[in-house]
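The values are calculated or read from the model by the stated rules, or taken from the named source; none is laboratory data. Worth saying up front: this structure is predicted, and the values here are computed from it rather than measured. Every residue, glycine among them, receives a Cβ derived from its backbone with ideal geometry; neighbour counts consider all protein chains shown. When the accessible area is computed, the model is the full protein with side chains, heavy atoms only, and any ligands, DNA or RNA have been set aside. Shrake-Rupley method; radii C 1.70, N 1.55, O 1.52, S 1.80 Å.
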Amino acid sequence: MKIRVLGCSGGIGGALRTTSFLVDDDILVDAGTGVGDLSLESLARIDHIFVSHSHLDHVTSIPFLVDTVCWMRATPIVVYGTKETLDILRAHLFNWKIWPDFTQIPDAQRPSMTYREIRVGEVVELGGRRITAIPANHTVPAVGYALDNGRASLIFTGDTGPHEALWRIVNATPNLKYLIIETAFSNAEREIAAASKHLCPQMLAEELEKMRVHPEVYITHLKPGEGALTMKEVTQAAGRWRPRMLENNQEFSL
Ligand SMILES: [Zn+2]
Ligand SMILES: [Zn+2]
């Protein structure tokens, strides 16, 4: 199982891309602006998209992807998410006003895209690759994802503030090799982080304090222009977990 970072920034500008991961060549976890860097051939190979939550920085490429490749594919692209998240996508994105409803294109019998509801804790198995939605605490209904091939796991927290349920899952994952966790704001913005249900470096350290397993820790969703400051504060507050900044195009193998 190969996991490639297509985007890991809280915003855009220059080389920055918003959140997306490519798993092997057929699965996306979130679909931020980085998806647009893939070739047309690579885009056409994507069969599954797992959505952490409905915020635009995590879903913005789904409409363009489906529209771009639907004529090249024989089967629909499957969009996975919780009922709450999929209801938001139906009502506010693929609603014929912002973008056409591709579950009805070219017609309901041959859709370009389908939705598949998943619940927190539910495992989706795709060719030996197990993908599980895990709890998150954000301003809209949200999950993270655990990716597991039986030998090793990677957990992506999605966008989340402090959340006990997340750490119960992390601590129950003995083969956890990589933890990708957000730190969207600097310490000076702790109140904004709390209000928007993200983390700042001090909060990250308070959260990592609850961790009983020993993965490599990578920080994602840094705010453009504040990456260096935030990572300095992350090192000061949480240095004993040796957190590193997640880099675009970085690859992980499980
Ligand atoms: Zn969000
Ligand atoms: Zn986000």
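Classify segment 17-129 from the C-alpha gyration tensor, please: rounded if a/c falls under 1.5, else prolate or oblate depending on whether a/b exceeds b/c.
Rounded shape, in that the Cα axes give a/c under 1.5.
Ordering His163, His53 by accessible area with a probe of 1.4 Å, largest first, what comes out? Display every interim value, and only then the final one.
Details: His163 50, His53 0 Å².
Most to least solvent-accessible, the answer reads His163, His53.
Going by accessible area, probe 1.4 Å, with all protein chains left in place, what is the ranking of Asp37, Asp24, largest first?
Numbers: Asp37 90, Asp24 55 Å².
Output order, biggest surface exposure first: Asp37, Asp24.
May I ask you to give the average projected area over all directions of the convex hull of the Cα atoms of segment 22-67, in nm² rounded to one decimal? Could the numbers behind the result be given before it?
On the way: hull surface 11.2 nm².
Over every viewing direction, the Cα hull of segment 22-67 projects on average to 2.8 nm².
Can you tell me the Rg and the Dmax, both Å, for the Cα atoms in segment 35-92?
For segment 35-92, the Cα radius of gyration and maximum Cα-Cα distance read 11.5, 32 Å.
When the expected Rg is taken as 2.2 N^0.38 Å, what fraction or multiple of it is the alpha-carbon Rg of segment 159-202?
That ratio works out to 1.29.
For segment 67-128, what are the per-bin percents of Cα-Cα distances with bins 5 Å wide, up to the bin holding the maximum?
So the P(r) values, bin by bin, are 4, 16, 24, 24, 17, 11, 4, 0.
Looking at the square roots a ≥ b ≥ c of the eigenvalues of the Cα gyration tensor of segment 186-251, which shape do they give, rounded for a/c under 1.5, prolate if a/b is larger than b/c, or oblate?
oblate
Tell me which of Ala44, Ile62, Ile12 sits at the most positive position along the dipole axis of segment 1-64, charges placed on C-beta atoms (Lys, Arg +1; Asp, Glu -1).
Of the listed residues, the answer is Ile12.
Run the Debye formula on the Cα coordinates of the chain, all scatterers equal and no solvent, and tell me log10 I(q)/I(0) at q = 0.08 1/Å.
The Debye formula, applied to the Cα set alone, gives -0.29.
Can you send over the solvent-accessible area of Lys197, 1.4 Å probe, protein chains only, in Å² to the nearest 10?
Accessible surface of Lys197 is approximately 80 Å².
Only sites in a loop by DSSP and with at most 13 other Cβ atoms within 10 Å count here; which GluC sites (Glu not before Pro) in segment 38-137 make the cut?
When the GluC sites (Glu not before Pro) of segment 38-137 are filtered for loop state and at most 13 Cβ neighbours within 10 Å, Glu122 remain.
Using the Kirkwood radius built from alpha carbon pairs, what does the Stokes-Einstein equation give as D for segment 118-181 at 4 °C and 1.567 mPa s, in µm² per second?
110
Per residue, what volume in Å³ does the Cα convex hull of segment 64-210 take up? Let's see the in-between values first.
Values: hull volume 19.9 nm³, N = 147.
Dividing the Cα hull volume of segment 64-210 by its residues yields 135 Å³.
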